[in-house]
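This report concerns only the one structure given below.
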Amino acid sequence: MNDDPQFDSCRSDAWRKAIVDAARADLAGRRSSRNRATIVVSLVVASLGVSGGGVAYALSTHLLTPQSSLGAASDAATPAIPERDTPTVTPAPTPTQPPTPTEPAETPDYTVLGFDASQLFDLCQSAVRNQYSRWETSYPGMTQFQALAPDSLRDAQEDGIGHVAIFAPSAATTPEGYTTVWICEFSGDPANPTMEYASFADK
């Protein structure tokens, strides 16, 4: 009596199909690698008894070969590093220096002993032009004063209490290159000054 069980071709085909289907179902599930290895070994042993190695080879090749999905998962696990634009460095603007404030020009409008410099300057200019108008024929600009200066009006109390004098250089020079200095002396009430004289200084 032969102890080795024999299967006809139909039963062998059925066993092969059952073993392959079980292996595929196992791969489709999410079992641990240890359980999967145990099932693979069991299926290979069973297949050896059925077909003498043909099914076993097919199962081992199918079950133990790394799946392409694992490689795809490995590739997907590596994140792609996005390209970044190089930051543009904008130079800091050059600070603008604030304008240097200019000192206001000193005004010549002032008073001496209560007399207003601008008022006496205009009175002296008018008097000189009237008295020495003939000079303008020979020396144009001789009776024209230069601008009022801070020292044009001076204290002249050596000539009397409350006396002041205007000293105004002419705008033009003499033929010899000299500048004529005109002098007008005033006294009295600063609100209504009295002109003592209008003349030019001796050399």
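Where a number appears in this text, it was derived from the coordinates with a stated rule and is not lab data. What you see is a predicted model, and the numbers here were worked out from it, not measured in a lab. Every residue, glycine as well, gets a Cβ built from its backbone with ideal geometry; the counts of neighbours run over all protein chains shown.
Given 25 °C and 0.890 mPa s, compute D for the range 111-200 with the Stokes-Einstein relation, Rh being the Kirkwood radius over Cα pairs; round to the nearest whole µm²/s. All intermediate terms of the calculation are to be shown ahead of the outcome.
Numbers: Rh = 13.2 Å.
The diffusion coefficient I find is 185 µm²/s.
Taking amide H positions as placed in the peptide plane 1.01 Å from N, state which residues far from Tyr110 in sequence (5 or more) or on other chains have amide H under 5 Å from it.
Hits under the 5 Å cutoff: Ala117, Ser118.
Quickly rank 109-121, 127-139 as a protection proxy: mean count of other C-beta atoms within 10 Å, highest first.
109-121, 127-139
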